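Let me begin by presenting the structure, written as structure tokens, before commenting on it.
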Amino acid sequence: DSGQRTGESSMANKKALELLKQEDVKEFNKWVKERRGKGKDAVDLDDQNLDGLKLRNVDLSNAHLNGAILRKTDLKGANLAHARLRQADLRGANLEGADLTGADLRRAKKKGAVWKKATLKDVRGMDD
């Protein structure tokens, strides 16, 4: 039943947020991999505040990060392939070497973000 699924996904998203706020990238990536193995949905972090966290090499591929606050967040080497980052605040974020293949950045705030060596293939919204 969908009510149970909704409860399960909000618990999962709470767990995701907890791990990220602790900057425990290794544990988060392990947890994400296990979820994917069970065919679970993408992690929903829409509108969450991840401001200034050190999340190097984090696996946020396919994650829902619309409206998320990622100001000055260290996402060096992160996997953000196919992530939804519409209207996200990426000002001053470090995305050096990050994989943003197919990510959606429409109307995201990108001023001062570092994109050096980032993979930006098929990214939507890079120009707006």
Taking only protein heavy atoms and a 1.4 Å probe, what accessible area per residue, in Å², does the chain have with all protein chains in place? 57
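Going highest first, how would you order 103-115, 81-93 by mean Cβ packing within 10 Å? Walk me through the numbers on the way to the answer.
Values: 103-115: 18.6, 81-93: 22.1.
Per-residue Cβ counts within 10 Å, averaged per peptide and sorted highest first, yield 81-93, 103-115.
For Leu120 and Asn49, compute 0.36 nm times the residue count separating them, minus their Cα-Cα distance, and round to one decimal in nm.
Gain on stretching Leu120 to Asn49: 23.2 nm.
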For segment 57-124, divide the Cα radius of gyration by the Kirkwood radius and give the resulting Rg/Rh value with two decimals. 0.90
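At 222 nm, what helix-only mean residue ellipticity would the chain give, in deg cm²/dmol to the nearest 500, using -39500 (n - 2.57) for each DSSP H run of four or more? Numbers along the way, then the final one.
Working: 2 runs with 33 residues, N = 128.
Result for the chain: -8500 deg cm²/dmol, rounded to the nearest 500.
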If you roll a 1.4 Å probe over the chain with all protein chains in place, what percent of the accessible area is carbon or sulfur? 44
Could you please state, rounded to a whole Å, how far the C-alpha centre of segment 25-76 is from the C-alpha centre of segment 93-128? 15
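The values are calculated or read from the model by the stated rules, or taken from the named source; none is laboratory data. The structure displayed is predicted, hence computed values, not measured ones. Neighbour counts are summed over all protein chains in view; Cβ atoms, including those assigned to glycine, are modelled from backbone coordinates with ideal geometry. Surface areas here come from the heavy atoms of the whole protein model, side chains and all, with no ligands, DNA or RNA. Shrake-Rupley method; radii C 1.70, N 1.55, O 1.52, S 1.80 Å.
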